[in-house]
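What follows draws every value from the coordinates through simple rules; no lab data is involved. The structure displayed is predicted, hence computed values, not measured ones. Here the Cβ positions follow ideal geometry from the backbone for every residue, glycine too, while neighbour counts run over all protein chains shown.
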Amino acid sequence: MDETDGPQPTWNTDIETEVKEMMGLFDTPAFARRGQDLELTLRRFHNRCCKARSGLLDMVQVRLRQWSRAVTGPDAWSSVFTAPIEPLWLLAEAEPPRWADTPATMRRLRIIAGDLVAAVARFNRRWQRSLDRLNLEPVNTIIEDYNRYYLLEKECVLGSARLAARHFQPVPLLSTTSLLHDHPPLPVPELRFSAGANASRLFTTPDNP
């Protein structure tokens, strides 16, 4: 019987076997999965914070729009505020200002300015309360597990504690303070008080929730 008459090996089968073996060798190790899970968890958490913060900004955006349509340009702040309010547009995710051709009366500007201050102060109170009510324990548990086990799992793969520790930085736990840094409140504009009996009434900021 000719040797060529016997069953021939199939190259496709051999290649598939080798590929599967290689995939097994290069399967994502536990430390990498832990890092990926933490990254995904933090990204989703901060995305939810961004969405919640944006949902509270509507009235501030309305007051900024009213202000921009009552003045002729960004320098008009000096008539009623003690400092520029330009940073508010970016921080409040407001649409770009559309300035008026002619300014409103000073009385009208003072009323709009007072309403803007009240809206900013109210947003800050509501945002602080929202962050205070957050349950950070589930996310912080994932962070703690990452800080505790990541190096151990990586060392098991690399066989070297020194190599495993390279570039490793523990992830700080979340707190209300850290969240306020990442998702800040708004700077409250300071009104320029004028003399006169009506000034105190016009510039009074209501302390509503």
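At a Förster distance of 25 Å, what's the computed FRET efficiency of VAL171 paired with CYS50, Cβ-Cβ distance as r, to 0.05? Let's see the in-between values first.
Working: r = 19 Å, r/R0 = 0.77.
My answer for the efficiency is 0.85.
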About the Cα centre, charge dipole magnitude for the range 30-202 (Lys/Arg +1, Asp/Glu -1 at Cβ), debye: 440 debye
Karplus ³J(HN,Hα) for the range 186-191 (6.51 cos²θ - 1.76 cosθ + 1.60, θ = phi - 60°; Hz, whole; x = Gly/Pro) runs 9, x, 7, x, 9, 7
Provide the packing ranking of 138-151, 56-69, i.e. peptides ordered by the mean count of other C-beta atoms within 10 Å per residue, highest first. 56-69, 138-151
Distance between the range 79-112 and the range 36-59 - C-alpha centres, whole angstrom: 29 Å
